[in-house]
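Contents: one structure, followed by commentary.
Read the figures in this text as sums done on the coordinates, not as results from a lab. Not measured: the values here are computed from a predicted model. In this analysis, Cβ positions are derived from the backbone assuming ideal geometry, glycine residues included, and neighbour counts consider all displayed protein chains.
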Amino acid sequence: MTYASLRAGRGPNALVVEALGVLGGVRGRALDVGAGPLNDTRFLLELGFSVEAVDTDPCTLALAAEWRHPRLRVVHADVRDVPVAAGAYSFMVAIHVLPFLPRADVRRVAAALAGGLAAGGVLCCTFFGPEDAWAGRPGRTFLRAPEAGALFPRLEPVVLREDRYDGIDARDEPKHWHVVRCVFRRPTGSA
């Protein structure tokens, strides 16, 4: 069972909804990185966005094929291998994907995402903090809020919040979460 197959059919992530409030009524192109079960993608499509969803999970492709939505383009690839067009997106989502990359890759992907935002565009993303139950696993990145903010020096931080709580993971196993929730906006005067 993959993350996408375990989580399909749920509503959008609360941070995506919060970040859309920052964006206001602007629509356009959105990029959903680590789109998994396409829950956030579906929500963005319903709001009128054209969405490019990136994921390596075959379940993501199968879900998209069922929908056949004209404003959805799925890229079956690792986010590290997908070029992000400069200034192309008004909204970006990277929920629970960046922590699964090594730190050097996170820096490179963060720079690409920041460069892909249009002026006034919004990026929402999450990281796992060092108190997360999965902290210390090799090949992953764990950050505190200031470190996450420093990855996006050209963007304005709107939300940089650390939440700690006991919950469950995608397989319904108990887990202590330490999640850094981030919403950034590209200044309107930037190129």
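Hey, what's the Kirkwood Rh for segment 96-191 if you take every pair of different alpha carbons, in angstrom?
Values: mean 1/r = 0.0722 Å⁻¹.
13.8 Å is the Kirkwood radius here.
From the alpha carbon centroid of segment 98-113 to that of segment 128-185 is 13 Å. Ordering of 35-44, 146-155, 159-168, 91-100 by packing is 35-44, 91-100, 146-155, 159-168, highest average first (other Cβ atoms within 10 Å, averaged per residue). Listed values for segment 137-146 are Karplus-derived 3J(HN,Hα) couplings in whole Hz (6.51 cos²θ - 1.76 cosθ + 1.60, θ = phi - 60°), namely 5, x, x, 10, 10, 10, 9, 8, 4, x, and x replaces Gly and Pro.
Phi-derived couplings, Karplus 6.51 cos²θ - 1.76 cosθ + 1.60 at θ = phi - 60°, listed residue by residue for segment 49-57: 6, 8, 10, 9, 10, 10, 6, 8, 6 Hz, with x used for Gly and Pro.
If you average 1/r over all unlike Cα pairs in the chain and invert the result, what Kirkwood radius do you get in angstrom? Could you put the intermediate results ahead of the total?
Details: mean 1/r = 0.0603 Å⁻¹.
Taking every pair of different Cα atoms in the chain, averaging 1/r and inverting gives 16.6 Å.
Based on C-alpha pairs under 8 angstrom that are at least 6 apart in sequence, segment 3-185 has a relative contact order of 19 percent. Quick one: if you stick a label point 7 Å off each Cα along the C-beta vector at ARG161 and ARG80, how many nm between them? Those two pseudo-labels are separated by 3.1 nm. Database remark: amide H of ASP32 closer than 5 angstrom to the amide H of GLU52, ALA53, VAL54, VAL93 (H placed geometrically; neighbours at sequence offset of 5 or more, or on other chains; Pro and chain starts carry no H). Tell me what the chain gives for mean residue ellipticity at 222 nm when only DSSP H runs of n ≥ 4 count, each as -39,500 (n - 2.57), the sum divided by the residue total, rounded to 500 deg cm²/dmol. Using -39500 (n - 2.57) per qualifying helix, the result is -8000 deg cm²/dmol.
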